[in-house]
1. What's the number of the condition LYS337 fails, among (1) away from the ligand (no atom under 16 Å from the Cβ); (2) under 27 Å from GLY427 (Cβ atoms); (3) of a type outside the set (Phe, Trp, Tyr); (4) in contact with a helix residue (DSSP H, G or I) (Cβ under 7 Å, 6 or more places away or on another chain)?
2. How many of the residues in segment 439-465 are in contact with a strand residue (DSSP E or B) (Cβ under 9 Å, 6 or more places away or on another chain) and part of a strand (DSSP E or B)?
3. Pick out the one residue from SER380, SER448, SER454 that is away from the ligand (no atom under 12 Å from the Cβ) and modelled with pLDDT of 95 or more.
4. Are there any pairs with C-beta distances below 7 angstrom linking a residue in segment 309-333 that is touching a residue at least 24 places away in the same chain (Cβ under 8 Å) to a residue that is assigned to a helix (DSSP H, G or I) and polar (S, T, N, Q), with the two at least 6 apart or on different chains, and if so which?
5. What residue, among those in segment 417-433 that are within 9 Å of the ligand (Cβ to nearest atom) and either aliphatic (A, V, I, L, M) or in a helix (DSSP H, G or I) (or both), is modelled with the lowest pLDDT?
6. So which pairs qualify, if the first residue must be in segment 25-50 and in the same structural domain as PHE161 (by TED's automatic domain parsing), the second must be of a type in the set (Ser, Thr, Tyr), the Cβ gap must be under 8 Å, and the two must be at least 6 apart or on different chains?
7. Can THR388 be described as at pLDDT 90 or above and within 16 Å of GLU445 (Cα to Cα)?
Amino acid sequence: MNYSLKAKLSFSYLLVVILSMLFLSIITNIFLEKHFQKYVKQNQEQKNREIVNVINQHYRDNGQWNIDVMETIGVSALENGLIIKIKDVSGKIIWDATAHNNGMCQRIIEHMAQNSGRRYPYIKGDYTKIPYLVKYQERVVGEVQIGSYGPFYLNDNDLAFINTLNKLLIGVGFLAAVFALVIGGIMAKRLSAPISRVGGAAQMIAKGYFAERITEKSNTKEINQLIITINELAQTLAKQEELRKRLTADVAHELRTPAATLQSHLEAMIDGIWEATPQRLQSCHEEIIRINKMIGDLKKLAQYERDSLVLNKEEFDFFELIKRIINNFEREFLNKKISLELIGQEEMIYGDKDKLSQVIINLLSNALKYTSSAGKVEVSISSSQDKTLQIAIKDNGQGISPEDLPYIFERFYRADKSRNRATGGSGIGLTIVKTIVEAHQGRIEVQSDLQEGSCFIVSLPKQNY
Ligand code: ADP
């Protein structure tokens, strides 16, 4: 089931409040109960002792039991909810509250049972009589029994206090819950509103409006990050879309020209307007070669993109590999009178030898293609901190303009939009280079100035298992 952010956030706030209040109530009640029971017991005991002391005092003053005084004390105790019985040493009853007013005594006992039951319904209480001795000149002269309801008896004040406290806790809990709902709602609204707007803009982008950008600013870090990412995504999609359109146009254009030439040449020969001379057939053959080269490049790119995840890694000396490739290129560089120099020494690397040699071949053939005769190309290999290998291929050729520089690694991108036939490029070489380098967890960078030359720097981790 799907819930809105608002509902989820409000519910979480409420849950936190309810749980905290529950926890707080349990802790408070456990602690309070313990101390409260102790206080109630002490209070009761103190009251009992006070009565016994008064009785003791009277006996001491008179040296004998004074029934009238004992009755006064007993009645006043009864009015305060205490049921007492006074006996002399022989067991003879001096004064007994139940004999004096049995009805009232029963009511007091019932009230005690009620109070106790209200607070501790799960504890079965009993009416008990606690005996206290009355002494005169170190002799026991009698006994006072004070009725009590056990294990703990709460008087009305005690009960009122504990109930008020619990009501207070419930009140605070309720207020906190309302607060949580309100704050949760506000927070959720503040969070969900920009997300909804971002979602709306993202939907427009998803529908193909790649020019759409989110201008929303949020003070939530994650939302801002989301906005940046979606904007970047839109930009990438827009670029991809542009490349796709360009690819279609490029492929159509590339294939149309040789196909149209072929068609007209062949038609002229079939109609007998042209004689099928070896030169004319040669020209048709060249066009077919061009078409085939382009199809071959496309196939190669598709294969590299598919295979880029499968690397046949081995340990080898990259310097040695570059030296061999340079040897194979020597003739072509000599023909164009471009000097080619290799700087470096043995550098071991763990990688896919075939794919990495394709990287060097593509970069070197570009340097050869885009450098005019009598130019200079320098290849250098070095390692930094024993972890990364760097290969730089530097030429002093035509260079790349700053507008083209960000796109040269995109497939079919050619800075030379007139598709100079002399270079014969199809805009795929650098895409293949980047795919291979990134599959090795490496990086490729380029520095270039128009008419000054370019420098391609490939960084590769030496040990990448
Ligand atoms: P291409 O087959 O056209 O050479 P690449 O993908 O290898 O395709 O290169 C893409 C574009 O980058 C080229 O068309 C060219 O404009 C530019 N480029 C690549 N290497 C160089 C270089 N060394 N000097 C100048 N421009 C270059």
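1. (4)
2. First pass over segment 439-465, keeping only residues in contact with a strand residue (DSSP E or B) (Cβ under 9 Å, 6 or more places away or on another chain): 439-448, 453-465.
Restricting the remaining residues to those that are part of a strand (DSSP E or B) gives 443-448, 453-461.
Qualifying residue count, segment 439-465: 15.
3. Details: SER448 fails: away from the ligand (no atom under 12 Å from the Cβ); SER454 fails: away from the ligand (no atom under 12 Å from the Cβ).
The match here is SER380.
4. Short answer, once both residue conditions are applied: LEU321/SER357; ILE325/SER357.
5. Here the residue is ILE428.
6. VAL40/TYR153; GLN44/SER148; GLN44/TYR153; ASN48/TYR132; ASN48/SER148; ARG49/TYR132
7. Numbers: at pLDDT 90 or above: yes; within 16 Å of GLU445 (Cα to Cα): yes.
Yes: the conditions hold for THR388.
Residues checked against (1) over 30 Å from VAL89 (Cα atoms); (2) open to solvent by 40 Å² or more (accessible area, probe 1.4 Å); (3) assigned to a helix (DSSP H, G or I):
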| position | (1), (2), (3) |
| --- | --- |
| GLN114 | yes, yes, yes |
| LYS129 | no, yes, no |
| ILE146 | no, no, no |
| ASP158 | yes, no, yes |
| ASN163 | yes, yes, yes |
| ILE170 | yes, yes, yes |
| GLY173 | yes, no, yes |
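The values are calculated or read from the model by the stated rules, or taken from the named source; none is laboratory data. Just so you know, these numbers come straight off a predicted model, no measurement behind them. Cβ atoms come from the backbone with ideal geometry, glycine included; neighbour counts cover every protein chain shown. In case anyone asks, the SASA skips ligands and DNA or RNA and just uses the protein heavy atoms, side chains included. Shrake-Rupley method; radii C 1.70, N 1.55, O 1.52, S 1.80 Å.
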